[in-house]
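Okay, structure first, notes after.
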There are 2 protein chains.
Amino acid sequence: MTFLTYRSTKKLNKLSQHPLDLTKKNVVTKSRIKKMKIEALGFQLLYATERVDEKVLSTLFELSKDADVLRKMKEMQEGVIINRIEGVESENRSVLHTATRDFFEERMTAPLAKKAADLAKKEYDKLAVFMEKIHKNGSYTDIIQVGIGGSDLGPRALTTALERFHKPGRKAHFISNVDPDDSISVLNRVDLKKTLIVVVSKSGETLETLTNEAFIRDRLKKMSLDPKKHIISVTGKGSPMDDPSRYLASFYIWDYIGGRYSVTSMVGGVTLSFVLGMEGYHKVLWGAHQMDRHAFMAKEEENLPLLSALLGIWNRNFLHLPTVAIIPYSQALSRFTAHLQQCDMESNGKHIDSFGKEVEFETGPIIWGEPGTNGQHSFYQMIHQGTTTVPLEFIGFKTSQFGCDLKVKETTSQQKLLANLFAQSIALAVGQKSDNPNKTFYGNRPSRILLTSHLDPETMGKLLAFYEHKVAFQGFIWGINSFDQEGVQLGKVLAGKIIDLFAGKGEFPLGSAYLSLL
Amino acid sequence: MTFLTYRSTKKLNKLSQHPLDLTKKNVVTKSRIKKMKIEALGFQLLYATERVDEKVLSTLFELSKDADVLRKMKEMQEGVIINRIEGVESENRSVLHTATRDFFEERMTAPLAKKAADLAKKEYDKLAVFMEKIHKNGSYTDIIQVGIGGSDLGPRALTTALERFHKPGRKAHFISNVDPDDSISVLNRVDLKKTLIVVVSKSGETLETLTNEAFIRDRLKKMSLDPKKHIISVTGKGSPMDDPSRYLASFYIWDYIGGRYSVTSMVGGVTLSFVLGMEGYHKVLWGAHQMDRHAFMAKEEENLPLLSALLGIWNRNFLHLPTVAIIPYSQALSRFTAHLQQCDMESNGKHIDSFGKEVEFETGPIIWGEPGTNGQHSFYQMIHQGTTTVPLEFIGFKTSQFGCDLKVKETTSQQKLLANLFAQSIALAVGQKSDNPNKTFYGNRPSRILLTSHLDPETMGKLLAFYEHKVAFQGFIWGINSFDQEGVQLGKVLAGKIIDLFAGKGEFPLGSAYLSLL
């Protein structure tokens, strides 16, 4: 059975002919808002403003049973080899990012998972010793993370989100782009004498990262600083970057942890523990671990990431909406959507299923977004009145991080922020009729809200894992391999050919044509 | 005649049944790459990798003539009232952002445009005097811009893009979100004693901005600093913020300058001239002005923003692609796409035409993107192999801003950056056949490249105006009003009701339902 042949898919197709009309009187009501929600781990998922009724909902849960997703989620966390395409050459690996935070009371017992967790714990302990030594000397105030893609986006998103919890006097910076201006502008901002540099590349061979590392080594030497006293590597054991003669320390990752799922491993761990302290990093892991357990232990109807995945499938495959806007009503999460762009689009932007067959349905949507309320003053015009419907995933917090607020005209800023969030979900759903066509809002723009108390390291861990598992669940339902990224190879190969042309080597007529325009 | 009834539209509909197949042998060739480009003002627009042939191209130019867009562009710059919806209540105004940079040799002579340019020049001169005084005293090192939407995104994008050209020791910061954590984290970063604050709101009534201003005034007072010595306003004459008893200075804007088109007015001018010096700001204006003249004086076939608009229309209305990814291969432009999101989506995300009739075609697409090469390690998997085709607009520069680069393995970073850009456009267009379905790339993903020498203030001005006019041209072709934003009102009204609930006032059952969940 595949996605298109499940009985539930066929039922959902029929139901989608007449999706719930949220603009009708007595559809979006007080009681619907209070009823259409699930609650776990301190999160509420509110979905009264999605175009689903009880019938659609129960059929979506049937779909999740047809696709057997809770079993698959458990198997993933047990280390079953799910990163594979049947019948063709593929990565053929386990997917064990959850092992990087599996060191709390309740642990996976399957041998592969246990082994991966033990290895991860060993790196964690190594890191704790390293950080204690570093901070005892007190010689480093800043850290620069050099990496790209998963070695940049997730760590950057979390470091930014948790700035409120940084130890005083510690700062993190990121260099990712091969654009030389990226390196220079960061290097101009720090005092390299007091700066640690963590270079992250699983293969030890990422073009952008090696180029930027060379750039920094050059700069250190020009300042008569010893690179070996400043540069740490995070890489695979035995990679060219696993070299004690060149690095102050090396921390390991493994091929069963995909870059976009690597935030809680050493890829994010070095920088997070530098700015938050080990205890802050530990809280992130604890938050993520709780969501990991929830993802396969909670039953369908109470499962946060699963319900979000199913509502996403409804919008994507049955209402045929091509994008998803993820809008945190929190400035601290300003880089979180960029991380989710990778996590979701690189995982599920696929054209074949895990049997190598071309899919005949839509897979991963385009993920985009900026924080609210900012977006309201930017692209919300199009969301309210444009011709392409955009489903929204809001993220909201009951209280602010700093707890420092001021009443202006009887309400605090945090209350104004929440008021805007709730108002948008209502306005988008119910719309507005008017004699002036320019003041007409068609409504029926679906949205849901993930609401929790406030954004601290533990909550951030939960939120991170919530999205990782939402993405995995959607992949399980579509029957695709969410864990490889063959689609990035062709560009790399052709870029290599053009780099050769710049170096005066090789032949590539199309590339030469572009070079002749410079 | 409207978009759907133009003869050219019907022809294009027919042509779109069999769009050019870029994956076929001898389609994307060396000579096509060299030929399919136009060049002006130091920019090259390369479009060999769009799905257009000569026939489509000439019909697109017919379309631009059917819609008489060059005349409309000139009329806009002359001050003709084009921000209106025929037959219903609407803003009914001129659209004169171009007047804010119309003080060079060649100026518009139409009375309204001339008057607007004279007023803008007066503010420019006021600003020059003010900045000289400020910097003579040398008492201010930092500036915080407080504003949201157009009063934030454009100024922030340009300030970030031109960091390389900031005067040493001068820094700009931005507070936009009503999220109290946004203010606090910025205020914790600066020494308020040495900081200017520029509060920007045309109406003087923007909720977020007034709230943040109150927050800052409170903080200044607690530090025994006089707000009147620190806070400048940029606002409409006679607004509540035009008040010499409360502000160190006030600079004016007018209702014929939309927020999303206001970067070159005092909205961006104060912060840009603070960090770049007046001469830097002047260069931005000069760049934009050159593109303004080009936009209505260059004929169709040589018109940069028009050709980009037409290719966009082809992708949106004839190939039915719902989004556009704008990908600058330049880290300095990291916030430029967020500005373009507003500029484009708020302008053209409309459901009625300028006669108040519901449109029966697609208007403005979803605009999104992150800088390259970063995106390659993130969402490009989906772009290469996903099920929804994403057209791309690349922006590239021949040299870096800092001119500080290092050869690693025979090539510089800037060469690697350009190699990746060109490689992506080729890979996306031509694809790759393979026996392994996971290594198959369907190709036919359209893209174009805007290429220029390097990113300095003048180029930034040109680039800004290029996109402003691309958006305006698309609006002219669709026959919609690109200059109002009624779609943001409903959310505001409902937010006001929920804010009242927080203050213990009023009634709004749906709002109360949400509040009961807190």
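The values are calculated or read from the model by the stated rules, or taken from the named source; none is laboratory data. Owing to the predicted nature of the structure, the values given are computational and were not obtained by experimental measurement. For neighbour counting, all protein chains shown are included, and Cβ atoms are generated from backbone atoms with ideal geometry for every residue, glycine included.
Looking for something of a type in the set (Ser, Thr, Tyr) and surrounded by 21 or more Cβ atoms within 10 Å (Cβ to Cβ) - is there at least one such residue anywhere in segment A:124-139?
Going residue by residue through segment A:124-139, those that are of a type in the set (Ser, Thr, Tyr) are A:124, A:139.
This time we only want the ones that are surrounded by 21 or more Cβ atoms within 10 Å (Cβ to Cβ), so: A:124.
Looking for residues that are of a type in the set (Ser, Thr, Tyr) and surrounded by 21 or more Cβ atoms within 10 Å (Cβ to Cβ), one finds at least one in segment A:124-139, hence yes.
Quickly run through segment B:152-210 and pick out the residues that are facing chain A (nearest Cβ under 8 Å), outside any helix (DSSP H, G or I) and among the charged types (D, E, K, R).
B:Asp152, B:Asp179
Whether any residue in segment A:101-115 is assigned to a helix (DSSP H, G or I), of a type in the set (A, V, I, L, M, F, W, C), touching a residue at least 40 places away in the same chain (Cβ under 8 Å) and buried (at least 21 other Cβ atoms within 10 Å of the Cβ) is what I want to check. Please lay out each step first, then the result.
Step one: filter segment A:101-115 for residues assigned to a helix (DSSP H, G or I), giving A:101, A:111-115.
Filter once more, keeping what is of a type in the set (A, V, I, L, M, F, W, C): A:112-113.
Cutting the leftovers down to touching a residue at least 40 places away in the same chain (Cβ under 8 Å) gives us none.
No, the conditions are met nowhere in segment A:101-115.
With A:Ser265, A:Ser239 as the choices, which residue is small (Gly, Ala, Ser), within 17 Å of A:Glu123 (Cβ to Cβ), without any contact (Cβ under 8 Å) to a residue 40 or more places away in the chain and touching a strand residue (DSSP E or B) at 6+ places or on another chain (Cβ under 9 Å)? Walk me through it before giving the result.
Working: A:Ser265 fails: without any contact (Cβ under 8 Å) to a residue 40 or more places away in the chain.
Of A:Ser265, A:Ser239, the one residue that is small (Gly, Ala, Ser), within 17 Å of A:Glu123 (Cβ to Cβ), without any contact (Cβ under 8 Å) to a residue 40 or more places away in the chain and touching a strand residue (DSSP E or B) at 6+ places or on another chain (Cβ under 9 Å) is A:Ser239.
Looking at segment A:281-294, can you tell me whether even one residue there is more than 17 Å from the chain's Cα centre (by Cα), outside the structural domain of A:Asp344 (by TED's automatic domain parsing) and within 14 Å of A:Val234 (Cα to Cα)?
No, because not a single residue in segment A:281-294 is more than 17 Å from the chain's Cα centre (by Cα), outside the structural domain of A:Asp344 (by TED's automatic domain parsing) and within 14 Å of A:Val234 (Cα to Cα).
How about segment A:407-518: which helices (runs of 4 or more DSSP H) wholly inside it have at least 2 residues that are facing chain B (nearest Cβ under 8 Å), over 30 Å from B:Lys35 (Cα atoms) and modelled with pLDDT of 95 or more?
Once the helices (runs of 4 or more DSSP H) in segment A:407-518 are filtered for at least 2 residues that are facing chain B (nearest Cβ under 8 Å), over 30 Å from B:Lys35 (Cα atoms) and modelled with pLDDT of 95 or more, what remains is A:413-430.
Please list, ordered by residue number, the helices (runs of 4 or more DSSP H) wholly in segment B:1-88 having 2 or more residues that are within 27 Å of the chain's Cα centre (by Cα), more than 14 Å from chain A (Cβ to nearest Cβ) and more than 24 Å from B:Pro446 (Cβ to Cβ).
Details: elements: B:7-15, B:30-35, B:54-66, B:69-78.
It comes to B:69-78.
If you take the residues in segment B:145-171 that are touching a Phe, Trp or Tyr at 6+ places or on another chain (Cβ under 7 Å) and buried (at least 21 other Cβ atoms within 10 Å of the Cβ), which one is farthest from B:Tyr256 (Cα to Cα)? Let's see the steps before the verdict.
The initial filter retains those residues of segment B:145-171 that are touching a Phe, Trp or Tyr at 6+ places or on another chain (Cβ under 7 Å), namely B:145, B:152, B:156-157, B:161, B:164, B:170.
Subset that is buried (at least 21 other Cβ atoms within 10 Å of the Cβ): B:145, B:152, B:156-157, B:161.
Working: B:Gln145: 22, B:Asp152: 18, B:Arg156: 22, B:Ala157: 22, B:Ala161: 26 Å.
Among those that are touching a Phe, Trp or Tyr at 6+ places or on another chain (Cβ under 7 Å) and buried (at least 21 other Cβ atoms within 10 Å of the Cβ), it is B:Ala161.
Between a residue in segment B:426-437 that is under 16 Å from A:Phe508 (Cα atoms) and any residue that is assigned to a helix (DSSP H, G or I) and aliphatic (A, V, I, L, M), which pairs come within a Cβ distance under 6 Å, given they are 6 or more apart or on different chains?
B:Ile426/A:Leu494; B:Ile426/A:Leu510; B:Ala427/A:Leu490; B:Ala427/A:Leu494; B:Gln432/A:Leu490
Conditions first: (1) without any contact (Cβ under 8 Å) to a residue 60 or more places away in the chain; (2) facing chain A (nearest Cβ under 8 Å); (3) surrounded by fewer than 24 Cβ atoms within 10 Å (Cβ to Cβ). B:His320 passes all but one, so which condition is the exception?
For B:His320, the failing item is (2).
Would you confirm whether any residue within segment B:471-493 is without any contact (Cβ under 8 Å) to a residue 40 or more places away in the chain, out of contact with any Gly (no Cβ under 9 Å at 6 or more places or on another chain) and small (Gly, Ala, Ser)?
Checked segment B:471-493: at least one residue is without any contact (Cβ under 8 Å) to a residue 40 or more places away in the chain, out of contact with any Gly (no Cβ under 9 Å at 6 or more places or on another chain) and small (Gly, Ala, Ser).
Of the numbered conditions (1) crowded, with 24+ Cβ neighbours inside 10 Å; (2) part of a loop (DSSP other than H, G, I, E, B); (3) facing another protein chain (nearest Cβ under 7 Å), B:His384 fails exactly one; give the number of that condition.
(2)
From the list A:Lys14, A:Lys35, pick out the single residue that is within 20 Å of A:Phe422 (Cβ to Cβ) and in the same structural domain as A:Pro305 (by TED's automatic domain parsing).
Numbers: A:Lys14 fails: within 20 Å of A:Phe422 (Cβ to Cβ).
The conditions single out A:Lys35.
Quickly run through segment A:387-406 and pick out the residues that are crowded, with 22+ Cβ neighbours inside 10 Å, more than 7 Å from every other protein chain (Cβ to nearest Cβ) and either out of contact with any His (no Cβ under 9 Å at 6 or more places or on another chain) or among the β-branched types (Val, Ile, Thr) (or both).
A:Pro391, A:Leu392, A:Glu393, A:Phe394, A:Ile395, A:Gly396
Quick one: which of B:Leu451, B:Leu490 is on the phi < 0 side of the Ramachandran plot and in contact with a His (Cβ under 8 Å, 6 or more places away or on another chain)?
Values: B:Leu451 fails: in contact with a His (Cβ under 8 Å, 6 or more places away or on another chain).
Exactly one of B:Leu451, B:Leu490 is on the phi < 0 side of the Ramachandran plot and in contact with a His (Cβ under 8 Å, 6 or more places away or on another chain), namely B:Leu490.
Residues checked against (1) over 24 Å from B:Thr459 (Cβ atoms); (2) assigned to a helix (DSSP H, G or I):
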position: B:Asp292; (1), (2): no, yes
position: B:Phe296; (1), (2): no, yes
position: B:Gly312; (1), (2): no, yes
position: B:Arg316; (1), (2): yes, yes
position: B:Val324; (1), (2): no, no
position: B:Gln342; (1), (2): no, yes
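Only one of A:Gly349, A:Gly356, A:Gly364 is surrounded by fewer than 24 Cβ atoms within 10 Å (Cβ to Cβ), within 7 Å of chain B (Cβ to nearest Cβ) and closer than 25 Å to A:Ile257 by Cβ; which? Please lay out each step first, then the result.
Values: A:Gly349 fails: surrounded by fewer than 24 Cβ atoms within 10 Å (Cβ to Cβ); A:Gly364 fails: surrounded by fewer than 24 Cβ atoms within 10 Å (Cβ to Cβ).
Going through A:Gly349, A:Gly356, A:Gly364 in turn, the sole match is A:Gly356.
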